1. Taking the condition of being more than 10 Å from Leu286 (Cβ to Cβ) and of a type in the set (A, V, I, L, M, F, W, C), how many residues in the range 151-166 meet it?
2. Scan the helices (runs of 4 or more DSSP H) fully inside the range 1-94 and keep the ones with 1 or more residues being touching a helix residue (DSSP H, G or I) at 6+ places or on another chain (Cβ under 6 Å), more than 17 Å from Ser299 (Cα to Cα) and of a type outside the set (A, V, I, L, M).
3. Please state which one of Val56, Val36 is under 22 Å from Ser81 (Cβ atoms) and crowded, with 20+ Cβ neighbours inside 10 Å.
4. Filter the range 161-194 down to residues that are among the β-branched types (Val, Ile, Thr) and touching a residue at least 24 places away in the same chain (Cβ under 8 Å) and give me whichever is farthest from Gly229 (Cα to Cα).
5. All but one of (1) modelled with pLDDT under 95; (2) touching a strand residue (DSSP E or B) at 6+ places or on another chain (Cβ under 8 Å); (3) closer than 26 Å to Gly10 by Cα; (4) assigned to a helix (DSSP H, G or I) hold for Asn145, so report the exception by its number.
6. Would you pick out the residues in the range 3-13 that are surrounded by fewer than 24 Cβ atoms within 10 Å (Cβ to Cβ) and either more than 19 Å from the chain's Cα centre (by Cα) or at pLDDT below 95 (or both)?
7. Restricting attention to the range 95-123, report how many residues are farther than 24 Å from Ala301 by Cβ, of a type in the set (Asp, Glu) and crowded, with 20+ Cβ neighbours inside 10 Å.
8. Out of Ile126, Ile203, Ile167, which single residue is buried (at least 21 other Cβ atoms within 10 Å of the Cβ) and modelled with pLDDT under 95?
Amino acid sequence: MVKVVVDAMGGDYAPAAVVGGAVEGIKKCDCFVYLVGREAEIKKELLKYKFDPSRVEIVHAEEIVEMHESPANAIRKKRNSSMNIGINLLKEGKADAFFSAGNTGGVVCSATLKLGLLEGIERPGIAIVMPNYKGVSLIIDAGANIDPKPLHLVQYGIMGSAYFESILGKKNPSVGLLNVGEEESKGTDFAKETYQLLEQSPINFIGNVEGKDIFSNQCDVIVCDGFVGNVTLKVAESLAETMSLSLRQELGSNILGRLAYLLARKSFKSFKKKIDYSEYGGAPLLGVDGVVIIGHGRSSAKAVMNAICFAKDEVERNINQNIMEQVKKIPVKAAC
């Protein structure tokens, strides 16, 4: 049975939403969960639910890595935090995967230092599933590494391609480099060098893609540095929330709008589900030697439940082995 470590104290709504999501995750995914955090608070939340107690174990951790803390300082000074102790359980082989909706930089730092990186990978990358009008695309990196080298983006492309094929089920997915234009000559020297290396890589590289292509189904995996990826993610989330709010306001402003909503309610629900981050649960931190899922800071119980299921899926499909096999195919010249 797959064992998932859950940072019960990570996230804006922890521990209530995290514990609730973990209980639902146990039921939905048929797995075992370690809940790491302040034992008394976790037990109080567990009393609200009916579940199989043999599927849950509480691991006490007194300290919490807060959202505003410097990741490196927090990881070094708070060795007894729920985040650090949780990653240690994964490192020691007591669990198969780790999830936290806490400080993203803290998760990246702790996982990288404690678990190490996969052979052939120099920097981890956060992969984000983004909806488009036909399905989904994957953006990597979304914030783990804001100052990468061109080779790191090649590795992101390979990891993203392996993930898309293994987890999202599409053979030979297309990979594009996010840039200011489609032509090979566009962009900075960094972008041009990255383009050349991606062309030599073993993946299905289709060239540069622009911001408009993220939601157009033009490309399966979109590669960029962590600074650009994180800004893209935050803009997309804000746009989705603004669109939903504006739509509700407009439809509720008069009788015709309310009637239109009743007639198209099914379509509106489908649209809302498509842009809801909680449907995807969390983002995999690819490149570290272990399955690590990072949740949104505002993760609901539903998001936590889905993140646990995604973690189990990654473990069962052996995503890291697939990544290492692909990395070995990088030409020696590109790897230097």
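1. Of the range 151-166, the ones more than 10 Å from Leu286 (Cβ to Cβ) are 151-154, 157, 161, 164-166.
Checking the rest, the ones that are also of a type in the set (A, V, I, L, M, F, W, C) come to 151, 153-154, 164.
Result for the range 151-166: 4.
2. 16-29, 71-77, 82-91
3. Only one candidate qualifies: Val36.
4. Out of the qualifying residues, it is Ile167.
5. (4)
6. Answer for the range 3-13, where residues must be surrounded by fewer than 24 Cβ atoms within 10 Å (Cβ to Cβ) and either more than 19 Å from the chain's Cα centre (by Cα) or at pLDDT below 95 (or both): Asp12, Tyr13.
7. Matching residues across the range 95-123 total 0.
8. Ile203
The values are calculated or read from the model by the stated rules, or taken from the named source; none is laboratory data. Being a predicted model, the structure only gives us computed values, none of them experimental. Cβ: placed from backbone, ideal geometry, glycine included. Neighbour counts: every protein chain shown.
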